[in-house]
Amino acid sequence: ETGVTQSPTHLIKTRGQQVTLRCSSQSGHNTVSWYQQALGQGPQFIFQYYREEENGRGNFPPRFSGLQFPNYSSELNVNALELDDSALYLCASSSGRDRSTDTQYFGPGTRLTVL
Amino acid sequence: AQSVTQPDIHITVSEGASLELRCNYSYGATPYLFWYVQSPGQGLQLLLKYFSGDTLVQGIKGFEAEFKRSQSSFNLRKPSVHWSDAAEYFCAVGDILTGGGNKLTFGTGTQLKVEL
């Protein structure tokens, strides 16, 4: 059984560019959540996808968008990058069996640097 | 709105000493509570979780946590710390989304340093 994987590991972009981050969920999991972790902070919830539909969203602007595919892998897209978008982006998957109490299992993250 | 407070930003303990990391939460209903650990440059690993039942929860790596509703606390403990426990520890509360599912609200973390 493979865990949650994310790609790429590191990424450097310039302000105004667009970026796509990818996540493969743990085997058997149909729910994916994305979090942003700024330096020295705890992770903040961006949004969650369940069976290819956005299921909930945190306090992030519309330039943060996502997608979930039929195999339950997911993408996070960020348009018009700003310097403050520099952070570790974490993906977490959960089984969807008991959605209100599902445990989320995290990937290693993608470190995004915006110059 | 739900929130989590971890009052201690940094804690230093000697190897073999006991450890307690503090966590206070604010949540309107019965909380779902979690402790995660993050090693440098890594993602988050689940240590333990509380949903209901016994208020003393056992986790991996010898950690335990106690839920105290009257104090709105969920403190993490370990009787004897090992050098490999040096990492950042996050407390989180789960909140149900309107579409079903749940999201996590994290504290700002406690950085644990272990002196040999």
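Find the relative contact order for chain B and round it to a whole percent, using C-alpha pairs within less than 8 Å whose residues are 6+ positions apart. So the answer I get is 36 percent. In this structure, A:Ser73 and B:Ser14 have a Cβ-Cβ separation that, at R0 = 35 Å, corresponds to a calculated FRET efficiency of about 0.20.
Would you mind getting me the FRET efficiency between B:Gln111 and B:Ala29? Use the beta-carbon distance for r and R0 = 35 Å, nearest 0.05. Using R0 = 35 Å, I get an efficiency of 0.70. Computed about its Cα centre, the charge dipole of the range A:26-109 is approximately 180 debye, with only Lys, Arg, Asp and Glu carrying charge at their Cβ. Under a 5 Å amide H to amide H cut-off, with H placed in plane at 1.01 Å, what residues pair with B:Asp8 once short-range neighbours are removed? Amide H neighbours of B:Asp8: B:Arg22.
Take every pair of alpha-carbon atoms less than 8 Å apart whose residues are at least six positions apart; their mean separation over the length of chain A yields a relative contact order of 36 percent. With chain A treated as a Gaussian network of Cα nodes joined by springs under 10 Å, which of A:Ser86, A:Ser100, A:Ser25 yields the largest mean-square fluctuation? Highest fluctuation among the options: A:Ser100.
Consider a paramagnetic label point 7 Å from the Cα of B:Trp83 along Cα→Cβ; state which residues of the range B:102-116 have an amide N under 11 Å from it. Backbone N within reach: B:114-116. Please work out whether the range B:37-100 counts as rounded, prolate or oblate from its C-alpha gyration tensor, where a ≥ b ≥ c are the square roots of the eigenvalues and a/c under 1.5 means rounded, while otherwise a/b larger than b/c means prolate and anything else oblate? Oblate, because a/c is 1.5 or more while a/b does not exceed b/c. Note on chain B: Lys pairs 8 or more places apart or on different chains, Cα atoms under 20 Å apart, count 8. Which listed residue (B:His10, A:Phe60, A:Gln41) has the Cα farthest towards the positive end of the charge dipole for the protein assembly as shown, taking +1 on Lys and Arg C-beta and -1 on Asp and Glu C-beta about the Cα centre? The one lying farthest along the dipole's positive direction is A:Phe60.
Within the range B:10-116, the GluC sites (Glu not before Pro) that combine a DSSP coil assignment with at most 16 other C-beta atoms in a 10 angstrom radius are B:Glu15. A simple spin-label model places the labels of A:Arg51 and A:Asp84 3.6 nm from each other, with each point 7 Å out along Cα-to-Cβ.
We did not get these values from a lab; they are worked out from the coordinates using the rules stated. Keep in mind the model is a prediction, meaning the values are calculated, not measured. Ideal geometry is used to build each Cβ from the backbone, glycine not excepted, and the neighbour counts take in all protein chains shown.
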